[in-house]
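The values are calculated or read from the model by the stated rules, or taken from the named source; none is laboratory data. Remember, predicted model here, so these are calculated numbers, not experimental data. No Cβ is skipped: glycine too gets one built from the backbone with ideal geometry, and neighbour counts run over all protein chains shown. SASA here: full protein model, heavy atoms, side chains in, ligands and nucleic acids out. Shrake-Rupley method; radii C 1.70, N 1.55, O 1.52, S 1.80 Å.
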Amino acid sequence: MGVLYDYFHATDHTTAVNQATGPEGDWLHGTSLEETGADWIDAKGLDPNVVLAQLVAYAEGVPFTDQQDAPELIWPEPPYPQGESTDPESPWNTGLILQRLPDRWRDVLATLPEDAVPMVAAQWYEIEEVDFADHLVARNAVATFMALACRARMAGAHLYCRCSL
């Protein structure tokens, strides 16, 4: 069993939480992003903190280690409970988290020139954290993220990532 990452856009945190966890954060009876009408992509094992951050770095033409910002955890709401949490009703025990991606990342991906995609995809294809089937799969993934970022930017929305175990 792996970790799944779904990326989508929403205008604010409340909308994002409702779409990611179900109506009013009811994660026990949540719905899928598709059922909520969210504009989303299934990115399987492409995590935001390392894998997507590297894509953004390549799109910017800077080393990954120079990234100044990172996704922000918005659900469950921090702080993480100290010690062992045995409450099965605790949202911290769901295996689900929601992160807001930096708007700068959205803008970098949304404005990536089409003629830069092959080179960015070639760099991203080489990272250790993902085993893309081939260069075309990496290139299609770059195009998919670019398209989602463009739609989010046009809608004046933020990008979010729902991570579930």
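Restricted to segment 125-165, and to residues there that are open to solvent by 90 Å² or more (accessible area, probe 1.4 Å) and acidic (D, E), the residue that is farthest from D47 (Cα to Cα) is E126. Filtering segment 78-100 for residues that are open to solvent by 60 Å² or more (accessible area, probe 1.4 Å) and modelled with pLDDT of 75 or more leaves an empty set. Consider A20 carefully, then state whether it is surrounded by 14 or more Cβ atoms within 10 Å (Cβ to Cβ), part of a loop (DSSP other than H, G, I, E, B) and at pLDDT below 90. Taking the combined requirement at face value, the residue does not satisfy it.
Scanning segment 115-124 for residues that are among the polar types (S, T, N, Q) and either farther than 15 Å from V56 by Cα or open to solvent by less than 50 Å² (accessible area, probe 1.4 Å) (or both) yields no hits at all. Could you grab me the full set of residues in segment 36-69 that are of a type in the set (A, V, I, L, M, F, W, C), over 11 Å from the mean Cα position of the chain (by Cα) and at pLDDT 85 or above? Within segment 36-69, L55, V56, A57, A59, V62, F64 qualify.
Pairs, please: C-beta under 6 Å, at least 6 apart or cross-chain, first residue outside any helix (DSSP H, G or I) and open to solvent by less than 70 Å² (accessible area, probe 1.4 Å) and in segment 47-69, second of a type outside the set (D, E, K, R) and modelled with pLDDT of 90 or more? If the second residue must be of a type outside the set (D, E, K, R) and modelled with pLDDT of 90 or more, the pairs left are D47/Y5; Q67/A53; Q67/A57; D69/P102.
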